[in-house]
Amino acid sequence: MELFKQRLRIQLTAISYKGGADALNDLLGGRIGLMMIDAATGMPHIKSGALKALGAGTDKRISAAEDVPTIAEAGVPGFEAWAWNGIAVPTGTPSDIVHKLSAACQKALGNPALRQRFSEISVDPAPSTPEEFGAFIRSETDKWRVVITEAGISLK
């Protein structure tokens, strides 16, 4: 949400929650008016009509809601902020082990049944090489460092 605020140069009141479930309950109950939520959590409520999706924070439209524009398409150029997951191993893990694990993940993500299950829960896998994933993590770290610094966020 901080990135959204910074890109639009708007003020929003931040409400801290101990977890996403409490925030989602308040959104569904009308006690808050806006929330960034991951597709897997939000989609059942969007499909039921309880929530309205205004934009996807991804770089492309999500397959579970092709009619929902990305936030960038909706007028916030360059906006991209989404929940991502990946598999990591400790630094120093031998390269051959890393590449074996990567190959196994690539194979699993190619399984039609697994891809179907991911689709059902509104998850769009984006397999990559270990080197690509490392570069992605570095770029995300750089992007969010700027957002955090500009917002004056600290761990206190």
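The values are calculated or read from the model by the stated rules, or taken from the named source; none is laboratory data. Just so we're clear, the structure is a prediction, and the values are computed from it rather than from any experiment. Cβ coordinates were reconstructed from backbone atoms using ideal geometry, including for glycine residues, and neighbour counts include every protein chain displayed. To get the accessible areas, we keep the full protein, side chains included, count just its heavy atoms, and leave off ligands, DNA and RNA. Shrake-Rupley method; radii C 1.70, N 1.55, O 1.52, S 1.80 Å.
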Residue separation between T91 and D124 times 0.36 nm, minus their alpha-carbon distance, gives in nm 9.2 nm
Heavy-atom accessible area of segment 36-156 with neighbours in place, 1.4 angstrom probe: carbon+sulfur share in percent works out to 60
Checked against the positive end of the charge dipole of segment 54-116 (+1 on Cβ of Lys and Arg, -1 on Cβ of Asp and Glu, about the Cα centre), the farthest of H99, G78, L109 is H99
At R0 = 30 Å, FRET efficiency that the Cβ-Cβ distance of A50 and I137 yields, to 0.05: 0.30
Karplus 3J(HN,Hα) series, Hz, for segment 3-10 with 6.51 cos²θ - 1.76 cosθ + 1.60 (x for Gly, Pro): 4, 4, 4, 5, 5, 8, 6, 10
From the cross-link list K18/K52; K52/K107; K18/K143, the entries with a Cα-Cα span beyond 32 Å are K52/K107
Taking R0 as 25 Å, what's the FRET efficiency between Q6 and K60 from their Cβ-Cβ distance, rounded to 0.05? 0.70
Given I46, P69, A56, which one lies farthest toward the positive end of the charge dipole of segment 37-87, if we put +1 on the Cβ of every Lys and Arg and -1 on the Cβ of every Asp and Glu? I46
Trypsin sites (Lys or Arg not before Pro) within segment 17-55, DSSP loop, no more than 14 other Cβ atoms inside 10 Å: K18, R31, K52
Out of the chymotrypsin sites (Phe, Trp or Tyr not before Pro) in segment 1-100, which ones are loop residues according to DSSP with at most 16 other C-beta atoms within 10 Å? Y17, W82, W84
